[in-house]
Amino acid sequence: MKSREYAKVIRQEKIAPDVYSLWIEAPQIAAEAKAGQFLSLYSADKSRMLPRPISICEIDPDRGYIRLVYRVVGAGTEEFSGLCEGGRIQVLGPLGNGFPLKEGKAFLIGGGIGIPPMVQTAKELSAIEDRSSIQIIAGYRSEQFLAEELKHYGELYIATEDGCAGTKGTVLDAIREHALEADVIYACGPKPMLRAVKAYAGEKGIECWISMEERMACGIGACLACTCQSTEVDNHTHVKNKRVCKDGPVFLSTEVEL
Amino acid sequence: MKNTKVTLAGVELKNPVMTASGTFGSGAEYSEFYDLGALGAVVTKGVANVPWPGNPTPRIAETASGMLNAIGLQNPGIDVFIERDIPYLKRFDTKIIVNVCGKTVGDYCQVVERLASEPVDLLEINVSCPNVKEGGIAFGQSPHALEEITKEVKKHAKQPIIMKLSPNVTDITEMARAAESGGADALSLINTLTGMKIDIYKRSFALANRTGGLSGPAIKPVAVRMVYQTAQAVKLPVIGMGGICTAEDAIEFILAGASAVSVGTANFADPYAAKKVAEGIEAYMDQQGVEDIRDLIGAVG
Ligand SMILES: Cc1cc2nc3c(=O)[nH]c(=O)nc-3n(C[C@H](O)[C@H](O)[C@H](O)COP(=O)(O)OP(=O)(O)OC[C@H]3O[C@@H](n4cnc5c(N)ncnc54)[C@H](O)[C@@H]3O)c2cc1C
Ligand SMILES: Cc1cc2nc3c(=O)[nH]c(=O)nc-3n(C[C@H](O)[C@H](O)[C@H](O)COP(=O)(O)O)c2cc1C
Ligand code: FES
């Protein structure tokens, strides 16, 4: 049986303007979870009925901890940012499929608040691959976060919109500037970035896994709120609409329309 | 012995709690959280004669104590449903109610005919979906059209039919009487109230469909009022829904005249919501010294 649990807040800190890092204790989730999966976080304020999907940033299975890194964009995330050590929050997970990790030279591409899941992805890849094969390309608007953690597991390349660090431009500009190459891509970030990464992977013929985002209600595959258009018929409704929460959030780039 | 059983059109439910169509799929996802045998019935997502792709996204938006949805009745069509979903639901000790949608009267009749030989207990005819352009609500907003479709569907249905009413009408009792005249065996209400949300920074609609159906606790007082009026107006059993989150909410509907209740949007806020409502009703009965749930039906005033 699946269960929703109250997770204890271990600690929370602000790591960039409006960006928070939250460690929670959720042993069952930590035991099962893997990179690319997400949790549903429930508001204590009952007037906000829908759970907030947040990607798993890091897993500490030994201690039963999960790390979430999120940006405050509205009332729900604002509420979460007020959580303190010893507090608790209702969570459900791990949800979704996660990244299927492959051997070979990899690009881990994160854009903005799509960067957090790349920490756990890099951590898991580091168990099967050399550091030099784990090429992380992080695109920030300006202010950076999680860069130290990412450097710990792989080679980090940074792109910033304003050029305040790394390559001035997009993640693809950074890849070109450093003449990087890969056999497989894992990407999470805003839709325009995913579109560009998908096109790049298509040109180069590289296997590319992207993590999609959509509004969710149930978070478990029942309500059909979170669909994305797929190239093949889905196996739930048989209509070319895959559920981001259940069939995803990670899809092969050729599998979905962006 | 305390009695929680209720009867709807000759079908006995172990308790009055069921799921609201579209919020619970065909039960599979929620059965990973608890045994669906805890519920009086599972009401499935609307199913049509052929697969429907539904609306573009975003399909939902959160609102104060509720949400808007414009899923657009995405469903796999009756063939897959019969092959996959009914056998799955049969594994649980609960009643099966299939929610039926269509674009034409013929579509509805085709689906209920296909279900005639299936182990399904009741049919809920959705003539009240505000999110599809053809069919759906077109039948649910005119008393004449509602009576006609009820008659036609009734002719083809083997199981008793529940007509699901829309709250987007001037006089709910007129609609309830039309469905009764058409031969409905029970009524369920309310479906969602048509609403709209605008993103003021993007200056765009929150939903791709522009409008959507409002559900959740925000609509509960409207729903209780309509259930009360309907129960007063017709002799048919009424299934009440709209914002039920707790057993207290459910009891309110039962006192207003509902013989059974459905839990919808609350399933999103808490996957155990429907089960907790069923358990809470028993606790209320114990606490209030109620021997038979049926003594509460319509017992307001
Ligand atoms: C699979 C997945 C993983 C995600 N991982 C992260 C993460 O690791 N870190 C992070 O900061 N954000 C992440 N997001 C986005 C995050 O879910 C939203 O920022 C958050 O729900 C906003 O809630 P709010 O109450 O603060 O905002 P509001 O705008 O007040 O929320 C209103 C409603 O819209 C929904 N919503 C708003 N923005 C989004 C969005 N971008 N995607 C989906 N639903 C949204 C909310 O869940 C809520 O139901 C992820 C989204 C998805 C789908
Ligand atoms: C996401 C969603 C999908 C729905 N799909 C259907 C449907 O397929 N058929 C139907 O008759 N009603 C559908 N409804 C309406 C509900 O069954 C119910 O009538 C309404 O939501 C009010 O109850 P609630 O406030 O408890 O959710 C849907 C509601 C929601 C929120
Ligand atoms: S959020 Fe309900 S199906 Fe994905």
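The values are calculated or read from the model by the stated rules, or taken from the named source; none is laboratory data. Just so it is clear, the structure is predicted and the values come from calculations on it, not from any experiment. Neighbour counts run over all protein chains shown; Cβ positions are idealised from the backbone, glycine included.
Results for (1) surrounded by 20 or more Cβ atoms within 10 Å (Cβ to Cβ); (2) away from chain A (no Cβ under 14 Å), shown as yes or no for each residue.
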site: B:Ile190; (1), (2): yes, yes
site: B:Ile198; (1), (2): no, yes
site: B:Ala208; (1), (2): no, no
site: B:Ile219; (1), (2): yes, no
site: B:Tyr228; (1), (2): yes, yes
site: B:Ala231; (1), (2): yes, yes
site: B:Ile239; (1), (2): yes, yes
site: B:Tyr272; (1), (2): no, no
Practice task
Please give the number of the condition A:Thr231 fails out of (1) within 11 Å of chain B (Cβ to nearest Cβ); (2) over 20 Å from the mean Cα position of the chain (by Cα); (3) hydroxyl-bearing (Ser, Thr, Tyr).
Solution key: (1)
Handout entry: 2 or more residues over 30 Å from B:Ile219 (Cα atoms): qualifying helices (runs of 4 or more DSSP H) within the stretch B:104-183
Key = B:105-115, B:143-156
Exercise for the section: Please verify whether the stretch A:227-242 includes one or more residues that are in contact with a Ser or Thr (Cβ under 7 Å, 6 or more places away or on another chain) and more than 18 Å from B:Gly72 (Cβ to Cβ). Expected result: yes
Practice task
Kindly check whether there is at least one residue in the stretch A:143-166 that is within 14 Å of chain B (Cβ to nearest Cβ) and over 20 Å from the mean Cα position of the chain (by Cα).
Solution key: no
Practice task
Please state which one of A:Thr231, A:Thr237 is over 19 Å from A:Leu194 (Cα atoms) and more than 12 Å from ligand 1 (Cβ to nearest atom).
Solution key: A:Thr237
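Residue by residue, here is whether (1) without any contact (Cβ under 8 Å) to a residue 40 or more places away in the chain; (2) out of contact with any Lys or Arg (no Cβ under 6 Å at 6 or more places or on another chain); (3) at positive phi holds:
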| residue | (1), (2), (3) |
| --- | --- |
| B:Gly216 | no, yes, yes |
| B:Tyr228 | no, yes, no |
| B:Gly243 | no, no, yes |
| B:Glu248 | yes, yes, no |
| B:Thr265 | no, yes, no |
Exercise for the section: Return the only residue of B:Leu89, B:Leu115, B:Leu68 being in contact (Cβ under 8 Å) with a residue 12 or more places away in the chain and surrounded by 24 or more Cβ atoms within 10 Å (Cβ to Cβ). Expected result: B:Leu68
Problem - Scope the stretch A:206-223; condition more than 6 Å from ligand 3 (Cβ to nearest atom) and of a type in the set (Gly, Ala, Ser); matching residues - result: A:Ser211
Completion exercise
Restricted to the stretch A:91-127 and to residues being outside any strand (DSSP E or B) and in contact with a Phe, Trp or Tyr (Cβ under 6 Å, 6 or more places away or on another chain), the residue farthest from the other protein chains (Cβ to nearest Cβ) is A:Ser126
Exercise for the section: Report yes if A:Leu50 is under 28 Å from A:Glu161 (Cα atoms) and in contact with a strand residue (DSSP E or B) (Cβ under 8 Å, 6 or more places away or on another chain), otherwise no. Expected result: no
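Filtering the stretch A:79-98 down to residues that are among the charged types (D, E, K, R) and under 25 Å from B:Phe33 (Cβ atoms), which residue is surrounded by the most Cβ atoms within 10 Å (Cβ to Cβ)?
If we take residues in the stretch A:79-98 being among the charged types (D, E, K, R) and under 25 Å from B:Phe33 (Cβ atoms), then A:Glu79 is surrounded by the most Cβ atoms within 10 Å (Cβ to Cβ).
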Practice task
Please report, ordered by residue number, the helices (runs of 4 or more DSSP H) entirely within the stretch B:187-301 with at least 1 residues that are farther than 20 Å from A:Ala225 by Cα and under 21 Å from the mean Cα position of the chain (by Cα).
Solution key: B:220-233, B:247-256, B:273-288
Exercise for the section: May I ask you to verify whether A:Ser142 is closer than 21 Å to A:Glu103 by Cα, modelled with pLDDT under 95 and assigned by TED's automatic domain parsing to the domain that holds A:Glu103? Expected result: no
Handout entry: Test: B:Ser31 is surrounded by fewer than 22 Cβ atoms within 10 Å (Cβ to Cβ), within 11 Å of chain A (Cβ to nearest Cβ) and touching a residue at least 60 places away in the same chain (Cβ under 8 Å)
Key = yes
Problem - Residue list for the stretch A:161-191, restricted to those being buried (at least 22 other Cβ atoms within 10 Å of the Cβ) and closer than 30 Å to B:Pro58 by Cα - result: A:Val171, A:Ile185, A:Tyr186, A:Ala187, A:Cys188, A:Gly189
Problem - Selection status of A:Glu213, modelled with pLDDT of 95 or more and either in contact with a Lys or Arg (Cβ under 6 Å, 6 or more places away or on another chain) or not hydroxyl-bearing (Ser, Thr, Tyr) (or both) - result: yes
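Among the strands (runs of 3 or more DSSP E) contained in the stretch A:187-258, which hold 2 or more residues that are under 18 Å from B:Gln74 (Cα atoms), within 16 Å of ligand 2 (Cβ to nearest atom) and free of Cβ contacts under 8 Å to residues at least 24 places away in the same chain?
It comes to A:241-243.
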Handout entry: Residue in the stretch A:160-186 that is nearest to A:Phe251 (Cα to Cα), counting only those that are in a strand (DSSP E or B) and in contact (Cβ under 8 Å) with a residue 12 or more places away in the chain
Key = A:Tyr186
